[in-house]
Amino acid sequence: MTGLAFKKLGRPHRRDLPLNGSAVGRSLDSMWAILLVLGIILGLSVLLNWLAISILPDQVILRLQSLKANQTGLLFTLGTGLAATSLTFFGLTSMPTLAQFGREGIASSANLNYAFSHHTAWHVPYPFTLGTLYEPFGAIGGTGGTLALVIAVFIFSKQRDYHLIGRWSLLPVLFNFNSAVLVGMPVIGNGLYVIPFLLVPLVNMGIASAAVALNLMPSVVFTVPLGTPGLLQAFMGTNGNLVALAVTVLNVVVGVMIYKPFVQLADQLALVKEAA
């Protein structure tokens, strides 16, 4: 329905306008469609809350949280991270609240108690959980590891719109708020980015779990405030372990290299479109 609204109500691009082809110009061309879609969504949201149907997503989240509390293996953590990233890719950004899941439950409490009683974060009983892997390493810059995407755009992309969106969204992304990137480039629903968007968090969590398994760094057990910069979450959550900080930086570098060919492909497709 959203696609049909933009198709029917969006104005054709005019080449004689100075903003033609830019993100601002496309937004102005589709202003009536944007207002209509937002109005319908607002009305449906009010209706859903009035009918109390919105209780269902809360029940699903609570059930997932209860399930998480009893599943602390590496495969479960990687699988749940992949599922959450997939939901975000298809626009269900409110469902995978894994940041909150990782802060609560049996595993996080046991790890924290162990750290307090033994005065160390090393060798905690549950080293591979959502709280120790996904938030500090798998979601640097938000779901999909989008800090790496923004950096890859700055280095490898030649599209002016991408650079503009990257500059606007860099500060929020540093604090793990990436909505501007997801809808601005866009990433959500864009088949061009589905592979790196799903792959980067898995690779990042794999690197971090390997470092923990090899005793190169302790697990992230200490709770950091929401909004802590993604680059510092592992460092602070391990009580200042420098290897954890180095692994975080390594994850960003690896993420940039994974996003690189897809950003370059987006440039090539843009040139083909312009030529056509």
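The values are calculated or read from the model by the stated rules, or taken from the named source; none is laboratory data. In this text the structure is predicted, and so the values were computed from the model without any measurement. Cβ placement follows ideal geometry from the backbone for every residue including glycine, while neighbour counts extend to all protein chains displayed. The area values use the complete protein model at the heavy-atom level, side chains included, leaving out ligands, DNA and RNA. Shrake-Rupley method; radii C 1.70, N 1.55, O 1.52, S 1.80 Å.
Rolling a 1.4 angstrom probe over the protein chains, ignoring ligands and nucleic acids, what is the accessible area of Met236 in square angstrom, nearest 10?
Met236 has an accessible surface of roughly 90 Å² with all protein chains in place.
Extending each Cα 7 Å along its Cβ direction at Gln264 and Phe177, get the distance between those two points in nm, one decimal.
Using points 7 Å along Cα→Cβ, the separation is 3.4 nm.
Given 0.36 nm per residue, what is the gain on full extension from Met1 to Lys273 after removing their alpha carbon distance, in nm?
Details: separation 272, 0.36 × 272 = 97.92 nm, distance 2.51 nm.
Length gained between Met1 and Lys273: 95.4 nm.
Leaving out ligands and nucleic acids, note down the accessible area per residue over segment 179-253 with a 1.4 angstrom probe, in whole Å². The partial results should precede the final answer.
Values: 3020 Å² over 75 residues.
I get 40 Å² per residue for segment 179-253.
How much solvent-accessible surface does Tyr162 expose, in Å² to the nearest 10, with a 1.4 Å probe and all protein chains in place?
Approximately 20 Å² of Tyr162 is accessible to the 1.4 Å probe.
Compute the separation of the alpha-carbon centres of segment 214-231 and segment 254-274 and state it in Å as a whole number.
Cα centroid of segment 214-231 versus Cα centroid of segment 254-274: 31 Å apart.
Using bins 5 angstrom wide from zero, how does P(r) for segment 107-214 break down, in % of all Cα pairs?
2, 12, 19, 19, 15, 11, 8, 7, 5, 2, 0
Would you kindly state how much longer the chain becomes between Phe222 and Lys8 on full extension, computed as 0.36 nm times their sequence separation minus their alpha carbon distance, in nm to one decimal?
Values: separation 214, 0.36 × 214 = 77.04 nm, distance 5.19 nm.
Fully extending the segment from Phe222 to Lys8 adds 71.9 nm.
Where does each of Trp168, Trp32, Trp122 land when they are ordered by accessible area, with a 1.4 Å probe and the largest first? Don't skip to the end; give the middle numbers.
Details: Trp168 170, Trp32 190, Trp122 80 Å².
Descending order: Trp32, Trp168, Trp122.
Could you please state how large a percent of the accessible area of segment 170-276 is carbon and sulfur, counting protein chains only and using a 1.4 Å probe? Before the final figure, lay out the partial values.
On the way: 3730 of 5030 Å².
Answer for segment 170-276: carbon and sulfur cover 74 percent of the accessible area.
Given a Förster radius of 45 Å and the C-beta distance between Trp122 and Leu192 as r, what FRET efficiency does 1/(1 + (r/R0)^6) yield to the nearest 0.05?
Details: r = 42 Å, r/R0 = 0.93.
Efficiency at R0 = 45 Å is approximately 0.60.
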